[in-house]
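Written out below as structure tokens is the structure these notes cover.
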Amino acid sequence: MDRPDSNIPQAPEGYSRPESSPQNFAGPSNQNGGKPRPFEAPTYKQGFVLCVVGGVITGLLSFIGAALVAYGMVIAVYCKKGHGWFGPAITSVLVTGVAAYLLSGPTEAATSVTACALALGVGYAFATEKLTVGVGSLLVGATALALLGYDAFFAAMAGTTLPELAQNVFNQYASQVSGASPEIQEGLSTAKALFMLFWPTSYTGMALLYFVIARFGARTVYKALTRDPQKLPQFQLMDVPFWMCALTVANLFVYALSSTILSAQDILQLITLNVFMALRVVFALQGLAVLTWFVREKHFSPALSLSLFVLAGMLEVQLGVMALVGLIDAWANFRKLNRSGNQDSEPTINNN
């Protein structure tokens, strides 16, 4: 196109980005207050390096390294348009395992490798827009089972079991108040009974923490790469998939049936109660998402909104009300979300 006869240079009509870098970051604004200047987006090689560096850090500090591993994986997969995940995944897992083994031994190496694998899965799912509630729950569940399995294996190698280790840990803390009043001793007995029922939930909590940290790293870089708010998950539109409702019903059925199977009653109750605890967290989050949507739809004042959330938190802790709201919403669809076809088909709009 011919430039008009003027001393003022014309800005280009369009910007042709490299094929391997679908979107550029926004640079600093110019001195005249114009739009941000685009500069070259991260490359696949940079994403690869970040995954490796994140793997080394995960071997040292697993919680911090998980964010960097997910960050690098998003860049690598995004630059390759959904591909290119194998190289950084294998390399970062190997680096994590070697670093953790040399510094802390096999037990910590297993934990660090599991955290790295979760971060890689989160990064890949986020970059390909497939990080749905269902996928995230499966990642957390698989991570929790892996962590529990590793510890059970190492406990068996040491000639003990995880329940025995859990009981020993509680007894060590309880021994510090051995001379307490009878009321406190009675409370400790109740606490011990609950602890021996729900100790596996600690693995779910650790896996969930790894997931949240990795998701933070993935979201941070994905937001910069896309610069499209519609592609980012929105908490108020979180939607639990139907299979989790079916799992709740099946879990309730197994729990009711466990009392008739005396040979496996204890293990069945242990499993079902901890699955219930994990499902309660998921459905409580959905209930809070419904409340968030309701507050925004009604345009409540900040003071009233805060009061509602505080009340919701109290009701959830005491009675599990928000989990019940989330479970009902999974069937009733209070927010009128689009659930046609595969419920997980729109992860960044309908499924958190």
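The values are calculated or read from the model by the stated rules, or taken from the named source; none is laboratory data. Only a predicted model underlies this, so the values are computations on that prediction, with no experimental measurement involved. When we count neighbours, we look across all protein chains shown, and the Cβ atoms used for this are built from the backbone with ideal geometry, even at glycine.
Among the residues of segment 37-63, the ones that are assigned to a helix (DSSP H, G or I), at pLDDT below 90 and surrounded by fewer than 22 Cβ atoms within 10 Å (Cβ to Cβ) come to 5 in all. Of the residues Phe153, Phe235, which single one is modelled with pLDDT of 90 or more, surrounded by fewer than 18 Cβ atoms within 10 Å (Cβ to Cβ) and among the aromatic types (Phe, Trp, Tyr)? Only one candidate passes the filter, namely Phe153. Here Val310 qualifies as surrounded by fewer than 14 Cβ atoms within 10 Å (Cβ to Cβ), modelled with pLDDT of 90 or more and among the β-branched types (Val, Ile, Thr).
When we screen Leu197, Leu225 for residues that are touching a Phe, Trp or Tyr at 6+ places or on another chain (Cβ under 7 Å) and in contact (Cβ under 8 Å) with a residue 40 or more places away in the chain, the only hit is Leu225.
Criterion applied to Pro12, Pro28 was being outside the structural domain of Ala110 (by TED's automatic domain parsing), surrounded by fewer than 14 Cβ atoms within 10 Å (Cβ to Cβ) and either basic (Lys, Arg) or at pLDDT below 90 (or both), and the one residue passing it is Pro12. Quick check on segment 306-328. Is at least one of its residues of a type in the set (Asp, Glu), without any contact (Cβ under 8 Å) to a residue 12 or more places away in the chain and either within 27 Å of Thr161 (Cα to Cα) or not in a loop (DSSP other than H, G, I, E, B) (or both)? No; the residues of segment 306-328 include none that is of a type in the set (Asp, Glu), without any contact (Cβ under 8 Å) to a residue 12 or more places away in the chain and either within 27 Å of Thr161 (Cα to Cα) or not in a loop (DSSP other than H, G, I, E, B) (or both). Taken together, the residues in segment 209-232 that are out of contact with any strand residue (DSSP E or B) (no Cβ under 8 Å at 6 or more places or on another chain), buried (at least 19 other Cβ atoms within 10 Å of the Cβ) and not basic (Lys, Arg) amount to 8. Remark: pairs (first residue in segment 160-173, polar (S, T, N, Q); second residue in a helix (DSSP H, G or I); Cβ separation under 7 Å; 6+ apart in sequence or on different chains) = Thr161/Ala155; Gln167/Met196. Looking only at segment 81-110, residues that are under 16 Å from Ala218 (Cβ atoms) and either free of Cβ contacts under 8 Å to residues at least 40 places away in the same chain or outside any helix (DSSP H, G or I) (or both) come to 4 in all.
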